[in-house]
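What follows is calculated from the coordinates using simple rules that are stated; it is not laboratory data. From a predicted model like this one, the values you see are computed outputs, not experimental measurements. Here Cβ is always computed from backbone atoms with ideal geometry, including for glycine, and neighbour counts include all displayed protein chains.
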Amino acid sequence: MLEHIELFFKSIFIDNMVFATFLGMCSYLAVSKKVTTAVGLGAAVIFVLAVTVPLNWLLDQYLLRDGALAWLGPEYADYNLSFLSFILFIATIATMVQLVEIVVEKFSPALYNSLGIFLPLIAVNCAILGGSLFMQAREIPSLGLAFNYGLSSGIGWFLAIFAIAAIREKIRYSNVPPPLRGLGITFIITGLMAIGFMSFGGMLTGGDEAPVVPEPTTVQKTEKEELKLDKEQEETAVSFNSITKEKE
Amino acid sequence: MALLSKKDANLILDPLADNNPITIQVLGICSALAITAELKASIVMALSVIFVLGLGNVVISLMRNIIPSKIRIIVQLVVVAALVIVVDQVLKAFAYQLSKTLAVFVGLIITNCIIMGRFEAFALGNGVKRSFLDGIGNAAGYGIILIIVGFFRELLGSGTLLGFAVLGDPIAKTGLYSFGYENNGFMLLSPMALIVVGLLIWVQRSRNNALIEEN
């Protein structure tokens with residue numbers, strides 16, 4: 001239970017899809033002019049993520065990963081089909097999106113009209129495929145956790161687009177320098193929001209334990225920092241040794 | 001250029017500046033931001049996208065008359081996914097360390113909006129040669145922004161370019177560091193990518209006022 005809660009909050013705040021990994025930026029920037037459309041798209045993303053991540057988890061577990069075909073019999077245990085994961089994941093996603101499109105058109109024509117071209121484009125929203133690929137890369141251990149991961153990542157994305165849409169509605173009345181209007185200021189505001197979200201980093205670990213899983217962009221830096229730390233520790237150890245020797 | 005008519009040449013040159021996929025068309029932002037902490041990764045990413053978009057545009061353009069319009073998105077996704085698998089396997093074979101750095105972002109080329117955007121907007125309605133040029137042009141426009149952002153982030157963030165220490169050694173305090181210069185580690189973190197792109201847009205639109213948006 002604890003791991004569920006931890007994953008939930010981690011995916012929403014710390015590993016937020018928009019602010020930490022920049023997934024789904026295209027639709028995030030294009031559909032965030034009005035709060036109502038932003039909410040619609042956000043809800044669609046939550047739904048599609050919550051369905052596709054567990055589905056792709058099953059595919060990964062029983063079809064793609066190294067030795068996943070062992071359930072067919074021992075002679076299949078050597079196969080590793082993981083190079084096919086891109087194509088299978090995207091096929092699942094495209095199918096699910098088509099399904100969501102049909103459902104939304106049937107039950108909420110108003111929403112369907114306002115989302116317009118962006119509903120089919122959820123299929124190419126990086127957040128959706130990114131969710132599945134991160135699920136695979138982080139080796140999420142169970143189906144329940146995979147569902148949790150999809151749902152909470154979706155909620156994180158929803159929060160982000162909701163917040164930026166509200167800000168953009170307000171900023172229309174501000175005096176932004178003309179060349180920055182529209183896209184430019186949105187980028188900079190998102191950057192500032194991302195800096196704000198970085199402060200959630202210490203939320204779950206309490207600051208004492210190992211740092212949060214480093215993102216691809218920051219891996220290098222943390223490695224360098226660790227190296228530096230190691231060196232410093234060695235140096236202090238050396239100086240400590242020399243002091244003790246002097247005492248002797 | 002004798003090889004290309006002026007109209008064809010514009011297909012390549014336009015996306016490099018005034019119709020840039022990232023700063024004007026707002027396509028393909030995700031990967032542009034996530035992997036630009038290093039110049040090398042940016043260059044590899046740019047080359048991969050040029051390969052995928054150039055070839056993908058050709059394939060889609062060849063098939064444009066036989067794809068039923070209802071399932072075209074799935075067909076397009078399959079074409080891109082196949083090309084991206086090739087890129088991914090090549091990277092894993094010849095540049096394993098780099099493919100670890102790029103991690104899932106190679107896979108995310110599939111959902112890079114530039115690719116789908118150009119398929120939809122251009123390759124489905126134009127001949128093979130023009131589609132190829134359009135693909136190369138747009139991918140190069142994307143690559144240029146990636147390389148500019150990667151250049152500034154690596155230079156200011158870790159004081160290196162392509163891994164070479166161009167500003168001196170921060171630990172031994174040589175070069176620029178002997179004057180008390182410090183690396184700005186903040187440039188390596190993800191939010192700064194957004195702000196750098198925002199500033200790029202600012203520069204570009206100040207130079208060309210026709211690009212300014214309504215508020």
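Quick notes on this one:
- A straight chain from A:GLU3 to A:GLU139 at 0.36 nm per residue would run longer than the Cα-Cα distance by 47.6 nm.
- Taking a point 7 Å out from the Cα of A:LEU99 in the direction of its Cβ, the residues of the stretch A:35-55 whose backbone N falls within less than 20 Å of it are A:41-55.
- For chain B, built as a Gaussian network whose Cα springs stay under 10 Å, the top-fluctuating residue of B:LEU189, B:LEU39, B:LEU156: B:LEU189
- Rg/Rh, computed from the Cα trace of the stretch B:19-214 with Rh as the Kirkwood radius, has the value 1.05.
- FRET efficiency for B:ASN65 and B:ALA17, using Cβ-Cβ distance with R0 set to 30 Å, rounded to 0.05: 0.35
- In this structure, the amide hydrogen of A:MET17, modeled 1.01 Å from its nitrogen in the peptide plane, lies closer than 5 angstrom to those of A:TRP157, counting only residues at least 5 positions away or on a different chain.
- Potential lengthening between B:PHE164 and B:LEU47 on full extension [0.36 nm per residue; Cα-Cα distance subtracted]: 40.0 nm
- Along each principal axis, taking the top coordinate minus the bottom one, the Cα set of the stretch A:52-162 gives 53, 24, 20 Å in descending order.
- Karplus-based coupling profile of the stretch B:20-30, in residue order and whole Hz: 4, x, 7, 7, 10, 7, 6, 10, x, 6, 3, with θ = phi - 60° in 6.51 cos²θ - 1.76 cosθ + 1.60 and x standing for Gly or Pro.
- All Cα pairs of the stretch A:2-202, percent lying beyond 29 Å: 30 percent
- Phi-derived couplings, Karplus 6.51 cos²θ - 1.76 cosθ + 1.60 at θ = phi - 60°, listed residue by residue for the stretch B:180-186: x, 6, 10, 5, 9, x, 4 Hz, with x used for Gly and Pro.
- Length, then width, then depth: along the principal axes, the Cα atoms of the protein assembly as shown run 87, 62, 49 Å.
- Computed FRET value (nearest 0.05) for B:LYS6 with B:ALA210, which takes r as the C-beta separation and R₀ as 25 Å: 0.75
- Sequence-separation-based contact order of the stretch B:21-168, relative, with Cα cut under 8 Å and 6+ spacing, percent: 45 percent
- Sequentially through the stretch A:146-162, phi angles give Karplus couplings (6.51, -1.76, 1.60; θ = phi - 60°) of 5, 4, 4, 4, x, 4, 6, 4, x, 5, x, 5, 4, 4, 5, 5, 4 Hz, Gly and Pro residues having no value and appearing as x.
- Highest-first packing order for the peptide set B:193-203, A:17-27, A:133-143, A:150-160 is A:17-27, A:150-160, B:193-203, A:133-143, based on the mean count of other beta carbon atoms within 10 Å.
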